[in-house]
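Where a number appears in this text, it was derived from the coordinates with a stated rule and is not lab data. Computed from a predicted structure; not experimentally measured. Don't worry about glycine lacking a Cβ; one is built from the backbone with ideal geometry, like all the others, and counts go over all protein chains shown.
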Amino acid sequence: MPIINKPLQATEWIDPDAVARPVVIYGFVAERFNDIELPPHSHAKGQFILVQGGALTCEVDAGLWIVPPRSAIWIPGGLRHAVRMSGMLEGYNAFVDPAVSLGLPPACCAVSVTPLLRELLTRGARLPPLYEEGGVNSRLLAVLIDEMAAARVEDLNLPMPADPALRRLADAMLATPADRAPLATWARRAGLSERTLARRIADETGMSFGRWRQRLAIMLAVQWLADGASIQQVAADLGYESVPSFVTMFRKTLGTAPGRYMAERFG
């Protein structure tokens, strides 16, 4: 199932697994989505999704990946994933045959996108699905794969618990990130003791409750900042009483202040 409106070229969507080419690229043009979700599905080809505008989240292997504008996610072939889209979404979808993706990461990951990588995707999306192989087309796509393999991995993954009760709690925290209630309050809402909730969160996510919630806040902050929100607005929407406390948390987690972090990656 595609996550596109219409390809940039004047052809209709064709299942990339049915196209006998090692790399198939589609552009998706700006269209407003209101939390549209595609159910779990997979492709034989690996999928590289560049988001230039809008918000995209992808759930793969019990992990939630937030892909802010001007970033991308790589999903190896065969992995089931669900996608949610919102806002004015636009970008590119590249599908890569496993035979030519050996240099790409073996696991799902979010990556930053260089101007060269973005331009290569733009040019590749203008090729017809059954482009002529060999010559300039093959050289272009070989460079594209090299650039995808060299892209810097971004730590934008949130482990998600598989237990239904914990998943409902995690979904509630994602839906109300400004709710800074302590562990004891969330445990009471889940019908668990504080100690039990802390242990089960650690067992299912590999993180403490506090660290998991901090990772959630960081992922949402990067997404909102990349979409144009101010630091003051993000701090408020995440429930921080002051901007300095949010900036301190951001710097401790990612090693730099939010303004510099965004300038280095999306400036």
- Note on the structure: Phi-derived 3J(HN,Hα) across the stretch 51-65 with the Karplus relation (6.51, -1.76, 1.60, θ = phi - 60°), rounded Hz, x for Gly and Pro, is 9, 9, x, x, 10, 9, 10, 9, 9, 9, 6, 6, x, 9, 10
- Message: Modelling each spin label as a point 7 Å along the Cα-to-Cβ direction, I'd like the Val243/Glu194 distance in nm, to one decimal.
- Response: 3.4
- Message: Between Arg168 and Ala107, how high is the FRET efficiency from 1/(1 + (r/R0)^6) when r is the Cβ-Cβ distance and R₀ = 35 Å? Nearest 0.05.
- Response: 0.85
- Which residues qualify? For Gln52, with a placed amide H closer than 5 Å and at least 5 residues away or on another chain, they are Arg70, Glu90, Gly91, Tyr92
- Cα-only radius of gyration and Dmax that characterise the stretch 90-149, units Å: 11.6, 31
- Item | Isotropic mean projected area of the C-alpha convex hull, the stretch 16-154 (nm²) | 7.5
- Message: Output wanted: per-residue J couplings in Hz (rounded whole) for the stretch 229-240, from phi through Karplus 6.51 cos²θ - 1.76 cosθ + 1.60, θ = phi - 60°, x for Gly and Pro.
- Response: 5, 7, 4, 4, 5, 5, 4, 5, 5, 9, x, 7
- Only Cα pairs under 8 Å and at least 6 apart count here; give the relative contact order of the stretch 161-266 as a rounded whole percent. 22
- Task: Might you report the magnitude of the Cβ-based charge dipole of the chain about its Cα centre, with Lys and Arg at +1 and Asp and Glu at -1, to the nearest 20 debye?
- Result: 760
- Message: Order these by the 10 Å Cβ neighbour count, fewest first: Cys108, Cys58.
- Response: Cys108, Cys58
- Item | Relative contact order for the chain, counting Cα pairs under 8 Å that sit 6 or more residues apart, in percent | 17
- Item | Distance histogram in 5 Å bins (all Cα pairs of the stretch 127-267, percent per bin) | 2, 8, 16, 17, 13, 12, 10, 7, 6, 5, 3, 2, 0
- Item | Inter-probe distance in nm under a simple model that places probes 7 Å from Cα toward Cβ, at Thr256 and Met207 | 2.1
- Taking N as the number of residues in the chain, what is its alpha-carbon radius of gyration divided by 2.2 N^0.38 Å? 1.06
- For Gln47, which sequence-distant residues (separation of 5 or more, or a different chain) have an amide H within less than 5 Å of its own amide H, given hydrogens modelled in the peptide plane? Ile75, Gly77, Val96
- Quick one, could you list the DSSP H helices from the chain stretching 18 Å or more along their long axis (Cα atoms) with average Kyte-Doolittle hydropathy of 0.5 or above? 135-150
- Query: In a shell of Cβ-Cβ distance under 15 Å around Glu119, excluding Glu119 itself, what net charge do Lys and Arg (+1) and Asp and Glu (-1) give?
  - Reply: +3
- Task: Provide the per-residue ³J(HN,Hα) series for the stretch 153-163, in order, calculated from phi with Karplus coefficients 6.51, -1.76, 1.60 and θ = phi - 60°, each as a whole number of Hz, with x at glycine and proline positions.
- Result: 6, 9, 8, 10, 10, 10, x, 10, x, 8, 4
- Counting alpha carbon pairs within less than 8 Å and at least 6 residues apart, what relative contact order, in whole percent, applies to the stretch 16-154? 30
- the chain: longest segment with zero exposed trypsin sites (Lys or Arg not before Pro), where exposed means DSSP loop plus at most 14 other C-beta atoms within 10 Å, is residues 181-267
- State the dimensionless ratio Rg/Rh of the stretch 183-257 (Rg: radius of gyration of Cα atoms; Rh: Kirkwood radius). 1.05
- Add -39500 (n - 2.57) for each DSSP H run of 4 or more in the chain, then divide by its residues: what number comes out at 222 nm, to the nearest 500 deg cm²/dmol? -12000 deg cm²/dmol
